[in-house]
Structures are given as structure tokens and as C-alpha cells.
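Every number here is computed from the coordinates shown, using simple stated rules; none is lab data. Nothing here was measured: the structure is a model prediction, and the numbers come from that model. Cβ placement follows ideal geometry from the backbone for every residue including glycine, while neighbour counts extend to all protein chains displayed.
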Amino acid sequence: MAEIPVITITGAQQKEPKEFFTRVFCLRKEPPPLSLLVDYLKARGATPIITADVNEKLMNSWNWVGIEVGYAKDRKPILVTCVRKGSSQDDIFKQDIEGLLNYVEAHREIDNWRVVDQLRGCRFYIANILDKNDITEDGYDFNSWILQFFEENCDGMVQIDGQGFYDPETGELIFDLPPIDDEPKPEPAKPSQQPG
């Protein structure tokens with residue numbers, strides 16, 4: 001019988017990307033142009049990294065769909081996407097909103113009516129996709145500023161996977177969502193309430 005060779009892989013192994021979502025469900029009709037988000041991040045002392053292929057026309061467009069925004073050169077960027085009601089992503093929009101509405105309405109909580117009203121009135125939502133294996137504390141802070149920008153400027157309500165929905169005025173968790181995996185929820189992702 002022939003021996004089966006054993007191959008040993010040395011060195012650091014790449015972890016499979018583990019996507020983590022944060023969202024802002026917005027009541028405003030249209031999202032602001034990306035240039036305003038970049039200005040907001042710079043005002044917070046951040047240095048957003050935008051790839052060279054993103055031109056000024058896209059940065060000033062109201063009809064954007066997604067962009068990668070970096071916070072550190074040696075880290076993966078955060079993918080910021082916009083999913084609109086009645087757009088080409090309408091099926092995704094309806095599926096996500098209906099799924100969350102069904103969950104919230106099935107779990108009687110004191111403040112679930114606020115979340116239900118926000119979801120029913122939502123015209124678009126921003127979904128930020130982060131790689132849990134690559135993000136740092138600075139990345140979580142950077143992401144919270146992105147969330148805060150849309151929350152403040154688009155009548156938004158923040159939702160974080162494995163945590164829940166946050167009150168736009170107080171920043172307090174008002175409706176819990178169960179963890180999506182066995183890992184502890186990352187606390188730094190909560191939006192910070194800093195004066196603008």
C-alpha cells in the first residue's frame with residue numbers, strides 16, 4: 001500500500017472573510033452624495049481612503065449604489081452600499097425589510113413600535129459590510145461615524161447585526177436582535193453620540 005504524502009502548510013493562514021453588517025434605515029427620500037459623507041468623516045479627524053477610479057461625478061451623484069471607503073492603508077475598506085425602495089434592488093429591499101418587520105412584530109417589546117414605524121417608512125437603507133477578521137478599533141469607530149452621518153442627515157435608525165436597533169436621539173439599544181453566530185458581539189460598533 002502506498003503512503004499518502006502529508007503536506008504541511010507553514011506560515012500564517014488567511015482566514016475566510018467573516019462579513020458583519022451594520023445598517024441605517026432612512027426615512028428621507030434620497031441619500032446625500034458621497035462627497036458630503038467624505039467631508040463629514042474628515043471633520044471627525046478621519047482620513048477616508050477612496051480608490052482613484054471613483055471620480056468627482058460619482059462623488060457628487062445622488063444616485064450612487066456602493067463604494068469602498070478605507071480607514072487605514074493596511075486594512076480592508078468598509079463597503080458602503082445603498083439599497084433603495086423601488087430601484088433595481090427592490091427585491092432585496094423588500095426581502096430585508098419584511099424579514100426584519102416579521103421578527104420585530106413577533107417579539108413584543110416596549111419600543112418595538114418605533115422600529116416597526118421606521119422600517120415601514122424606510123425609503124432606503126445603508127448597509128456597511130465589514131470583515132470581522134480584519135477590522136480594528138479604529139475601523140469600528142470609523143464605521144460608527146458613517147452610521148452617524150446617515151442617521152443624522154437622513155432621519156435614520158441604526159441596526160447592528162447581533163445587537164439590535166438603536167434610538168437615534170439617545171444612542172441607547174431599544175430592540176435586541178439575537179447574535180448571528182457563536183462569537184461575542186463587537187461592542188465598539190455602537191454609534192457614538194458626539195455633537196456635530
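Structure shown: which of LYS29/LYS94; LYS57/LYS132; LYS29/LYS57 lie over 23 Å apart, alpha-carbon to alpha-carbon?
On the way: LYS29/LYS94 16 Å; LYS57/LYS132 32 Å; LYS29/LYS57 21 Å.
Checking Cα-Cα distances, LYS57/LYS132 exceed 23 Å.
Please compute the length gained on full extension between LYS94 and GLU30, using 0.36 nm multiplied by the number of residues separating them and subtracting their Cα-Cα distance. Let's see the in-between values first.
Details: separation 64, 0.36 × 64 = 23.04 nm, distance 1.71 nm.
Taking LYS94 through GLU30 to full extension adds about 21.3 nm, to one decimal.
Name the residues of region 68-95 whose amide N is less than 14 Å from a point 7 angstrom out from the Cα of GLU19 along the C-beta direction?
78-83, 92-93
How long are the three semi-axes of the equivalent ellipsoid for region 87-166, computed from the Cα gyration tensor as the root of 5 times each eigenvalue, in whole Å, largest first? Please report the intermediate quantities before stating the final value.
Values: eigenvalues 104, 48, 37 Å².
The answer is 23, 16, 14 Å, longest axis first.
Could you order peptides 132-140, 74-82, 150-158 by the average number of other Cβ atoms within 10 Å of their residues, highest first?
On the way: 132-140: 15.6, 74-82: 18.0, 150-158: 22.1.
Descending mean neighbour count gives 150-158, 74-82, 132-140.
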